[in-house]
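What follows is a set of notes on a single structure, which appears directly below.
The values are calculated or read from the model by the stated rules, or taken from the named source; none is laboratory data. Quick caveat: nothing in here was measured; it's all calculated off a predicted structure. Neighbour counts are summed over all protein chains in view; Cβ atoms, including those assigned to glycine, are modelled from backbone coordinates with ideal geometry. Accessible surface is based on the protein model in full, side chains and every heavy atom, while ligands, DNA and RNA are left aside. Shrake-Rupley method; radii C 1.70, N 1.55, O 1.52, S 1.80 Å.
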Amino acid sequence: MKEKRDKLIETLKLWLEKNDIMGETHFYTIEEWLEREEEYHNESEFVITTEGGLFYILNFGDQKQHLEFEDIVLSFGFFYELGNAWNIGFYYDENLEIIDGSKESLKTYSDKLQDIRWQDKRNLVKSNAGYRCQDCGASTNLEVHHCYYQYGREPWEYPLDSLRCLCRNCHQKRGKLETVLRAKFADLRFDELEIFKKLISKSILVYKRVAFFEFLNSIGNIDGDMDEKYDKMKTIKRFG
């Protein structure tokens, strides 16, 4: 259970950071939480406190991200409870792990892709995409792509927003392109990677997506339309 708990914590932190909602969110081991002498969650495995984006998602809002959060927790055999609106306790339930008598005895990756937990998640990803390729719009030969892998993770132990419904052709092309990107990142220092991270998250938040990528695509073009694309991007911000 400890290994599952640690994987869940790592996955939640990555999901929060990827969605830029890590602010004002803190993770507590059960030992740290008991020292606070709070009213709730004293028998949990760990606790999160939040007054930022996660607080809003769980108490007021974004249903899509709320369901993504719940899916992550269930994927590792846990469930959660809100104590106060700002604290969340996480509890392990082995019954959530055992499905049709199968657990971790499946050996090969191909076998694991037949597990009902992956089958259910794969079908959910396709349904959320409207049974269309999310890159080209095709409706045939649909597969589900893991946009990244982490050592020791089962296929179903990934957030929904890290999975993408793709046709077979786009699946093959995207996998190759993501490998090339990782290879290019090998030439960058850590601080340069941090800048790329900010570029992606902050720019897409501030500017319209199409205009932002048109500007990036214009960088270095010999026709010299970069200034024009930049001015266009600046004038159609998401928020005035």
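How many angstrom separate the Cα center of segment 1-79 from the Cα center of segment 144-212?
23
Could you give the length gained on full extension between A138 and E51, defined as 0.36 nm per residue of separation minus the Cα-Cα distance, in nm?
Stretched fully, the A138-E51 segment lengthens by 27.2 nm.
With θ set to phi - 60° and the Karplus curve 6.51 cos²θ - 1.76 cosθ + 1.60, what are the ³J(HN,Hα) couplings of segment 134-143 in order, to the nearest whole Hz, using x for Gly and Pro?
Working through the residues one at a time gives 7, 9, 10, x, 5, 10, 10, 6, 7, 10 Hz.
Over the Cα atoms of segment 192-240, what is the Rg over Rh ratio if Rh follows Kirkwood?
Over the Cα atoms of segment 192-240, Rg/Rh equals 1.00.
How big is D for segment 1-82, in µm² s⁻¹ as a whole number, if Stokes-Einstein is applied with the Kirkwood radius of its Cα pairs at 20 °C and 1.002 mPa s?
Rounded to a whole number, D works out at 162 µm²/s.
At a Förster radius of 45 Å, what calculated FRET efficiency corresponds to the Cβ-Cβ distance of I204 and K112, to the nearest 0.05?
Efficiency for this residue pair is about 0.85.
In whole percent, how big is the carbon plus sulfur part of the accessible area of the chain, probe 1.4 Å, protein atoms only?
Here carbon and sulfur together make up 52 percent of the probe-accessible area.
Can you give me the angle between helix 168-185 and the longest principal axis of the chain, using Cα atoms only, in degrees from 0 to 90, rounded to the nearest 10?
Around 90 degrees separate the two axes.
With every protein chain present, what accessible area does F78 have (1.4 Å probe, heavy atoms only), rounded to the nearest 10 Å²?
0
Ignoring ligands, DNA and RNA, what accessible area per residue does the chain give at 1.4 Å, in Å²?
Heavy-atom SASA per residue in the chain reads 62 Å².
Output the 0 to 90 degree angle, nearest 10, between the alpha-carbon long axis of helix 190-206 and the longest principal axis computed from the alpha carbons of the chain.
Long axis of 190-206 versus the principal axis of the chain: about 80 degrees.
Please give the peptides 59-67, 83-91 ranked by average Cβ packing (other Cβ atoms within 10 Å per residue), highest first, as a rough proxy for protection.
For the peptides 59-67, 83-91, the packing ranking is 83-91, 59-67.
Starting from the Cα of K176, draw a straight line to each of the lysines and keep only those under 28 Å, dropping any in the same chain fewer than 8 residues away.
K7, K13, K18, K107, K112, K121, K126, K184, K197, K198, K202, K208
Go through Y131, Y158 and list them by solvent-accessible area, largest first, probe radius 1.4 Å.
Y131, Y158
Per 0.36 nm of contour for each residue apart, how much would the distance between E154 and K13 grow if the chain were fully extended, relative to their Cα-Cα spacing?
The span from E154 to K13 would gain 49.0 nm if fully extended.
Could you work out how far helix 2-18 tilts from the main Cα principal axis of the chain, as a 0 to 90 degree angle to the nearest 10?
Rounded to the nearest ten degrees, it is 30.
How big is the Kirkwood radius of segment 34-154, worked out from every pair of different alpha carbons and given in Å to one decimal?
After inverting the pairwise mean of 1/r, the radius is 17.0 Å.
Determine ³J(HN,Hα), in whole Hz, for all residues of segment 222-228 in sequence, where each value follows from phi through the Karplus function 6.51 cos²θ - 1.76 cosθ + 1.60 and θ = phi - 60°; x replaces Gly and Pro.
6, 7, x, 9, 5, 4, 5
Under a plain spin-label model, where a point goes 7 Å from the Cα along Cα-to-Cβ, how far apart in nm are V180 and H26?
A separation of 4.6 nm, rounded to one decimal place.
Evaluate the Kirkwood expression for the hydrodynamic radius of the chain, namely the inverse of the mean inverse distance over all pairs of different C-alpha atoms, and round to one decimal in Å.
20.5 Å is the Kirkwood radius here.
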